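The values are calculated or read from the model by the stated rules, or taken from the named source; none is laboratory data. Since the structure is predicted, the reported quantities are computational estimates derived from the model, not experimental observations. Cβ sites come from the backbone with ideal geometry, for glycine too, and all protein chains shown count toward neighbours.
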Amino acid sequence: MKAKLDYKPEIEIQRIGYKVLIKNLGVLNFIRFIQTFEKGYGNYTEEKYELHKNVTVDEIVKRILNKRKNEDERA
């Protein structure tokens, strides 16, 4: 005798999962839980070095000081 598989489409699995999470966590904690997930792509380690490979320490310090100045002006 073959066992019947209860195969559900991905969207239905998500819907059921969301309902269970909301029921057990409440809406606010469900949202917080979902926010912890992010589907990424690429190779972050390689990309971060490629993005900043020509930036000097002086340029980094300059950017930090400018950002702080702009934040202070907005406050």
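Go through the range 56-75 and count every residue that is among the β-branched types (Val, Ile, Thr) and at pLDDT below 85.
Of the range 56-75, the ones among the β-branched types (Val, Ile, Thr) are 56-57, 60-61, 64.
Still in the list and also at pLDDT below 85: none.
Selection size over the range 56-75: 0.
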Between 73, 47, 12, which is more than 25 Å from the chain's Cα centre (by Cα) and of a type outside the set (S, T, N, Q)? 73
Taking interchain pairs and intrachain pairs at least six residues apart, which have beta carbon atoms under 9 angstrom, with the first residue in the range 51-75 and in contact (Cβ under 8 Å) with a residue 60 or more places away in the chain and the second part of a helix (DSSP H, G or I) and of a type in the set (A, V, I, L, M, F, W, C)? none
